[in-house]
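These notes are about the structure you will find just below.
Just so it is clear, none of the values below were taken in a lab; they were calculated from the coordinates. Please read these numbers as outputs of a predicted model, since none were measured by experiment. With ideal geometry, Cβ positions are generated from the backbone for all residues, glycine too; neighbour counts draw on all protein chains shown.
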Amino acid sequence: MNDTPVDCRLLSAENLDDLLHFMETDAFSDNPVWRECYCVFHYLCDKQDGNWTTRTGSENRLALTQMVKENRGLWILAYRKNRIVGWVNADLAPRLKRYDELGIKADPDTGIVACFVVDPRFRRTGIASQLLDAVVSVLWIRGAKNADAYVITEPKKLSETEKDLGADQLAHHGPLTMYLKAGFEVIEQQGAMSHVRLMKPANQ
């Protein structure tokens, strides 16, 4: 399928309602269980914010709303014909508390690309690649010296609860091929994940 050009925009209080509507309708039409996440999973840790498995969708929706109002977090939205068709979440490592809790230690000036969601009707049309380019550019502006991601490449090594995920759900960190095409390099293998990295260009 040909690439679908999109308009990439930063999430703000002005377009938060657009994102919430997308999250609660088309975004998870094929995976309604994940609708309760509201893309705050990586910002929370169980010790400070309560066990993730017992948090409600309403709590997570409120958390996202509060973060956006306080100008915390980083999400880029992909618009097509003035409707959201996808988003990416990324941020500087110290803000993504879940990674530290999972034992992934990153330097403070590392940006981490956490997850993508694309409308099921527009997957595999180049939207995630456009979102990746956009969010990496913002990470450079915000002081990141490198951009990292952790991509599922060895699904057989996933936990038993994760092995039932479908192919699209397993790719929510983004596919390895997309990162390699964007200039990322594989740093190491960590269990089911490939750790990939892009260094900030000298002229940025």
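Restricting to DSSP loop positions (anything but H, G, I, E, B) with no more than 14 other Cβ atoms inside 10 Å of their own Cβ, which chymotrypsin sites (Phe, Trp or Tyr not before Pro) remain in the range 1-82? Nothing satisfies the criteria.
Rounded to the nearest Hz, the phi-derived 3J(HN,Hα) couplings of the range 187-196 under the Karplus curve 6.51 cos²θ - 1.76 cosθ + 1.60 (θ = phi - 60°) are 8, 6, 9, 10, x, 7, 9, 9, 8, 10, where x marks glycine and proline.
Two numbers describe the Cα atoms of the range 26-133: Rg and Dmax, which are 14.3, 42 Å.
Going 7 Å from the Cα of Lys47 along its beta-carbon direction, which residues of the range 68-107 have the amide nitrogen within less than 14 Å of the resulting point? Correct set: 97-105.
Using only the alpha carbon atoms of the chain, find the Kirkwood hydrodynamic radius as the inverse mean reciprocal pair distance, in angstroms to one decimal.
17.3 Å
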